[in-house]
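> For reference, the structure I am asking about is given below.
The values are calculated or read from the model by the stated rules, or taken from the named source; none is laboratory data. Only a predicted model underlies this, so the values are computations on that prediction, with no experimental measurement involved. Positions of Cβ are backbone-derived with ideal geometry, glycine not excepted, and every protein chain shown enters the neighbour counts. Heads up: the accessible areas ignore ligands, DNA and RNA and are worked out on the full protein's heavy atoms, side chains in. Shrake-Rupley method; radii C 1.70, N 1.55, O 1.52, S 1.80 Å.
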Amino acid sequence: MNSKLKNVLAGTLMAFVAVGTVNAQESEAKVTELLDALEEVNGGYGTLAAKKDVEYHYVYDNFDKGKDVSTERYIFNGEQSWGSYDQHEINLLPKQEGVAVQSLVDNQPALTLDGKSITDPKALGGTVFLRKVNFYWFAMMYKLTNPGTNYKYLGTEKVGDVTYDKVSLTYNADVTKKEQNDEYILYFNPETHLVDQFFFSLPAFGINQPILKMTLTYETVDGVLLSTVRESYMPNKEGGYVKSGEYTMTDIRFNNGFKKEDFLLK
């Protein structure tokens, strides 16, 4: 990462931590209130898990940098994950042509390109990362109370016409078993009780502080509230943000009868 970008990121982070102090007891009570209100709106993970599985069309568009287009399939029990990419210019074999298929079944990765198995350790490591990341982005708002989550109330901030409650989310590495965990600053809308936007880190790509921005647009599909459109923003040299990507889920179908054996690549 170049020095100019590091300076921009450092300045952005300083703006985030300039919030009023809240004692630990008040912080815990406020966070509990916000998470409970969100769960009352979306029904919690049980609402999602009751759908058994899902398939959807996913477009991961980084504009001039390229696009990934996939059919995504997940089984909620065990978080089994499968994806077939007709277009893969960003996160998966970007310099190779053909249909790429990934799977992560019982934490065992597999990858094929036009039906031929790929065993390169780096490519398989990328498969583990992408299968877990795609599942997480799909289910994030249902996973905010997972084991190992740590929260701190950061006060309020007005964005446009809305005064948001801000909450820091970090993870306990002893629970997640990961060397580096993402960090988030969540913005809870006091009227809808949803998270309209958040800032996040991406340590896998060298961004260790929550300075990347994501905004969310929601849609209810078969009784499940999902953020079907996400838009990402990068900080610029002027201290503002520039839109860097748009990630869209369509054709969402639950209860397809998938079994984890269906996700194994032969």
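> Mind putting together the pair-distance distribution for region 23-158? All Cα pairs, 5 Å bins, whole percent per bin, short to long.
Going from the shortest bin to the longest, the percentages are 2, 9, 16, 18, 15, 12, 11, 9, 5, 3, 1, 0.
> Shifting gears a bit: Quick check: pseudo-label points 7 Å beyond the Cα along Cα→Cβ at Lys143 and Asn77, how many nm apart are they?
Modelled inter-label distance: 1.9 nm.
> Something else now. Under the Kirkwood approximation applied to all pairs of distinct alpha-carbon atoms, what is the hydrodynamic radius of region 125-182 in Å?
So the Kirkwood estimate lands at 13.5 Å.
> Right, something else. Residues in region 184-221 near a label at Val41, defined as backbone nitrogen under 17 Å from the 7 Å Cα→Cβ point?
Answer for region 184-221: 185-199, 214-221.
> Which of the lysines could a cross-linker bridge to Lys237, judged by Cα under 17 Å and excluding same-chain residues fewer than eight apart?
Within the straight-line cut-off, Lys237 pairs with Lys4, Lys6, Lys213.
> Can you compute the equivalent ellipsoid semi-axes for the chain, i.e. the square root of 5 times each eigenvalue of the Cα gyration tensor, sorted largest first and rounded to whole Å?
31, 23, 17
> With just the Cα atoms defining each centre, how far is region 235-266 from region 65-142? Give it in Å.
Between the Cα centres of region 235-266 and region 65-142 lies a distance of 10 Å.
> If you count only protein heavy atoms with a 1.4 Å probe, what accessible area per residue comes out for region 147-261, rounded to a whole Å²?
51
> Tell me, what % of the accessible area of the chain is carbon and sulfur with a 1.4 angstrom probe?
49
> Here's something else I'd like to know. Answer rounded, prolate or oblate for region 88-191, using the Cα gyration tensor with square roots of eigenvalues a ≥ b ≥ c: rounded when a/c is under 1.5, else prolate when a/b is larger than b/c, else oblate.
prolate
> Keeping to pairs on different chains or 8 or more places apart, tell me how many lysine pairs in region 147-186 have Cα atoms under 22 Å apart.
On the way: Lys152/Lys166; Lys152/Lys177; Lys152/Lys178; Lys158/Lys166.
Lysine pairs meeting both conditions in region 147-186 amount to 4.
> Can you tell me the equivalent ellipsoid semi-axes for region 142-266? Use √(5λ) from the Cα gyration tensor, largest first, whole Å.
Those come to 27, 21, 17 Å.
> Based on the alpha-carbon gyration tensor of region 160-227, what equivalent-ellipsoid semi-axes (square roots of 5 times the eigenvalues) come out, in whole Å, largest first?
Semi-axes (√(5λ), whole Å): 25, 15, 12.
> In region 125-219, which GluC sites (Glu not before Pro) fall in coil by DSSP and have 15 or fewer other Cβ atoms within 10 Å?
Numbers: sites: Glu157, Glu179, Glu183, Glu191, Glu219; in loops: Glu179, Glu183, Glu191.
The qualifying sites are Glu179, Glu191.
> Set the Förster distance to 22 Å, then compute FRET efficiency between Glu261 and Lys132 from the Cβ-Cβ distance, nearest 0.05.
Between Glu261 and Lys132 the formula returns 0.65.
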